[in-house]
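Heads up: the structure comes next, in structure tokens.
The values are calculated or read from the model by the stated rules, or taken from the named source; none is laboratory data. Note that the coordinates shown come from a computational prediction; the quantities given were computed from them, not determined experimentally. A quick note on method: Cβ atoms are made from the backbone with ideal geometry, for glycine too, and the neighbour counts reach across all protein chains shown.
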Amino acid sequence: MLENLSFDLIKSKFNSDKKFKLGTYIAGGIVGLLLVFLLYRQFMWVPANEKSNDGWWVAMNYISKDSTDQAIKTLEPFVRNYDGKTGGEIGQYLLATQYMKKGQFKKALDNLESIDLDDTYLSVFAIGLQGDCLSEMKKFDEAEHQYAAAAEMEDNEFTSPMYLFKAGLCADKLKKFDKATEYYTTIRDKYPTYASQKTIEKYIARSSNNIVK
């Protein structure tokens, strides 16, 4: 999506088009949902977690049908009842994504901050989604910090450059052009496939040209 837009148009959409922003923010969450499905298959046979897993699986049916309100209605009591259980923590992650779809970013952030997930990748997505919520709330400095943390948490070719790119966009908004250049340069040097998709050189050129000499 972003690779087909100019830098200025991306910034303009980032500021004015909530659907555009939310679409990019939820993208990581969608991938996380696929991981959740795999986790369900892994944990459903564990007796201690069986009941907790059943509850969020019901909510997944509503999520798959885009029935956000019903998913929230199902997940809220479930999360309260199974807090600390494997399924309860996954349910809380799902609940946060549904709050985000409703534009309730403070509620989503509160849930994401208190999640304790064993799965590394879901933990990365939870941190990244915190950055998305903070960005939507215009707390770009905090959002940048969360994106950078998500990028460093599990070094890989997908989440690391994705969150470095988002951190760079936040740094640009904050006029921290030297930091933005650093993020983009790291993407270019360490993640060439992602860099080519985003034509990262134009972001490096734009941010580096804005650095006060």
> Are there any pairs with C-beta distances below 9 angstrom linking a residue in the stretch 80-100 that is among the aromatic types (Phe, Trp, Tyr) to a residue that is not in a helix (DSSP H, G or I), with the two at least 6 apart or on different chains, and if so which?
Replying inline: Tyr93/Ile115; Tyr93/Leu117
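For (1) closer than 15 Å to Ala96 by Cα; (2) touching a residue at least 24 places away in the same chain (Cβ under 8 Å), each residue gets a yes or a no:
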position	(1), (2)
Ser114	yes, no
Asp119	no, yes
Val124	yes, yes
Ile127	yes, yes
Gly131	yes, yes
Ala151	no, no
Asp155	no, no
Met162	no, yes
> Which residue, of Lys65, Lys107, Lys102, Lys73, is surrounded by fewer than 19 Cβ atoms within 10 Å (Cβ to Cβ) and touching a Phe, Trp or Tyr at 6+ places or on another chain (Cβ under 8 Å)?
Replying inline: Lys107
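Conditions (1) within 20 Å of Ile127 (Cα to Cα); (2) out of contact with any Cys (no Cβ under 9 Å at 6 or more places or on another chain); (3) surrounded by fewer than 19 Cβ atoms within 10 Å (Cβ to Cβ); (4) in the same structural domain as Leu117 (by TED's automatic domain parsing), marked per residue:
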site	(1), (2), (3), (4)
Pro161	yes, yes, no, no
Ala167	yes, yes, no, no
Ala180	yes, no, no, no
Thr185	no, yes, no, no
Glu201	no, yes, yes, no
Arg206	no, yes, yes, no
>> Looking at Ile115, Ile211, can you tell me which residue is surrounded by fewer than 24 Cβ atoms within 10 Å (Cβ to Cβ), under 30 Å from Arg80 (Cα atoms) and in contact with a helix residue (DSSP H, G or I) (Cβ under 7 Å, 6 or more places away or on another chain)?
In response: Ile115
>> Just to be sure before I move on: is Glu152 modelled with pLDDT of 95 or more and in contact with a Cys (Cβ under 6 Å, 6 or more places away or on another chain) in the structure I sent?
In response: no
